[in-house]
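Since the structure comes first, as structure tokens, the remarks are kept for the end.
The values are calculated or read from the model by the stated rules, or taken from the named source; none is laboratory data. Just so you know, these numbers come straight off a predicted model, no measurement behind them. Cβ: placed from backbone, ideal geometry, glycine included. Neighbour counts: every protein chain shown. Heavy atoms of the whole protein, side chains included, go into the accessibility calculation; ligands, DNA and RNA do not. Shrake-Rupley method; radii C 1.70, N 1.55, O 1.52, S 1.80 Å.
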Amino acid sequence: MDDRLSTDQRLCSKVACAREAVATLTYDYGDQMAALGPLGPAGAPHAHDLCATHADRLSVPAGWLVVRHEALRA
């Protein structure tokens with residue numbers, strides 16, 4: 001079995017993290033809000049892909065709102 005990432009898998013945006021991305025983080029600086037949800041389109045200019053570990057550890061500046069879009073689970 002080949003353990004290398006296929007070309008359609010994306011990596012976490014955090015420096016030195018080689019885990020597969022599972023969520024996309026976007027910011028709205030004007031409204032002081034961060035949104036974390038399922039992987040968005042690849043190459044979005046102001047989006048950051050995160051692995052599960054970094055998505056769970058997400059922190060934002062004091063006073064900011066975090067909106068987490070959770071996928072429905074069966």
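Surface exposure of the chain, expressed per residue as accessible area with a 1.4 Å probe, stands at 77 Å².
Rounded to the nearest 500, the 222 nm mean residue ellipticity of the chain from helices alone is -1500 deg cm²/dmol, with -39,500 (n - 2.57) taken per DSSP H run of at least 4 residues. Under 5 Å between amide hydrogens, built in the peptide plane, is the criterion, and for residue 11 it picks out 21 among residues at least 5 positions away or on other chains.
In units of the rule-of-thumb radius 2.2 N^0.38 Å, the chain shows an alpha carbon radius of gyration of 1.18.
Note on the chain: with neighbouring protein chains present and a 1.4 Å probe, carbon and sulfur make up 54 percent of its accessible heavy-atom surface.
Charges were assigned to the Cβ only: +1 to each Lys and Arg, -1 to each Asp and Glu. The resulting dipole of the chain about its Cα centre is roughly 140 debye.
Residues 57, 10, 68 ordered from highest to lowest accessible area at a 1.4 Å probe: 57, 68, 10.
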